[in-house]
Amino acid sequence: MRCPFCGHLEDKVVDSRESKEGDSIRRRRECLLCGRRFTSYERIDEIPYMVVKKDGRRETFERHKIMNGLLRACEKRPISAAQLEAIVNEVEKNVQDSHDRELSTSMIGKIIMERLKALDKVAYVRFASVYLEFEDVSEFMTELKVLVRARDNGPAKKPRTKSKR
């Protein structure tokens, strides 16, 4: 901390107190060169997490927006609130872990679609229809065909055999 009187960079803290609101700390300092005392204040400078929209605009990240979208996609589906919360937590963790404290909506959408695809195909299609902004029914049908093909090419089921009694 630079002394406001002589400009010296070394001082000692004489007293520290938290503010009444608890959002800052007041420190009484004494310059080691000129001996004069001065006060400094410390506070946390929180940079919000951001989301980069498709058009380049930036908005603050809001969990409830993702949860609302998931709730609409999963309406009347056998998906628990805990499963939805886990998806929202994963998205939030990705935003927090990103280098610039921001994530594009396309990355967020991909994360959500991957989780929904594994969890419930109907919820996935509902979410994808809004997120991918299908222009017409043929685009929607193409996505459905991909899902059906993936289901049909999934792990082979054992043929049912009659049990021997």
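The values are calculated or read from the model by the stated rules, or taken from the named source; none is laboratory data. Remember, predicted model here, so these are calculated numbers, not experimental data. Heads up, the Cβs are rebuilt from the backbone with ideal geometry, glycines too, and the neighbour counts pull from every protein chain shown.
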Candidate set from the stretch 121-143 (those that are more than 28 Å from the chain's Cα centre (by Cα) and part of a helix (DSSP H, G or I)); member that is surrounded by the most Cβ atoms within 10 Å (Cβ to Cβ): Glu139
Criterion: touching a Cys at 6+ places or on another chain (Cβ under 7 Å), touching a residue at least 40 places away in the same chain (Cβ under 8 Å), hydrophobic (A, V, I, L, M, F, W, C) and more than 19 Å from Tyr49 (Cα to Cα) - qualifying residue of Ala123, Ala73: Ala123
Hits in the stretch 40-54 (condition: exposed (fewer than 11 other Cβ atoms within 10 Å of the Cβ) and either in contact with a strand residue (DSSP E or B) (Cβ under 6 Å, 6 or more places away or on another chain) or over 30 Å from Ile108 (Cβ atoms) (or both)): Tyr41, Arg43
Pairs, first under 19 Å from Ala123 (Cα atoms) in the stretch 135-156, second at pLDDT below 75 and not basic (Lys, Arg), C-beta under 6 Å, six or more apart: Phe140/Phe134
Residue match in the stretch 62-71 (condition: charged (D, E, K, R), under 20 Å from the mean Cα position of the chain (by Cα) and either outside the structural domain of Leu132 (by TED's automatic domain parsing) or assigned to a loop (DSSP other than H, G, I, E, B) (or both)): yes
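A quick yes/no check of all residues on (1) polar (S, T, N, Q); (2) surrounded by 13 or more Cβ atoms within 10 Å (Cβ to Cβ):
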{"site": "Gly56", "(1), (2)": "no, no"}
{"site": "Thr60", "(1), (2)": "yes, no"}
{"site": "Glu75", "(1), (2)": "no, no"}
{"site": "Ala81", "(1), (2)": "no, no"}
{"site": "Leu84", "(1), (2)": "no, yes"}
{"site": "Lys93", "(1), (2)": "no, no"}
{"site": "Asp97", "(1), (2)": "no, no"}
Subset of the stretch 103-120 (residues that are charged (D, E, K, R) and either surrounded by fewer than 16 Cβ atoms within 10 Å (Cβ to Cβ) or touching a helix residue (DSSP H, G or I) at 6+ places or on another chain (Cβ under 6 Å) (or both)): Lys110, Glu114, Arg115, Lys117
Any hit, the stretch 22-43, residues being among the aromatic types (Phe, Trp, Tyr), farther than 28 Å from Asp100 by Cα and out of contact with any His (no Cβ under 7 Å at 6 or more places or on another chain): yes
Some residue of the stretch 19-34 being of a type in the set (Val, Ile, Thr), out of contact with any helix residue (DSSP H, G or I) (no Cβ under 9 Å at 6 or more places or on another chain), free of Cβ contacts under 8 Å to residues at least 24 places away in the same chain and surrounded by 11 or more Cβ atoms within 10 Å (Cβ to Cβ): yes
Enumeration of residues in the stretch 80-107 that are among the polar types (S, T, N, Q) and either assigned to a helix (DSSP H, G or I) or farther than 12 Å from Val51 by Cβ (or both): Ser80, Gln83, Asn89, Asn94, Gln96, Thr105, Ser106
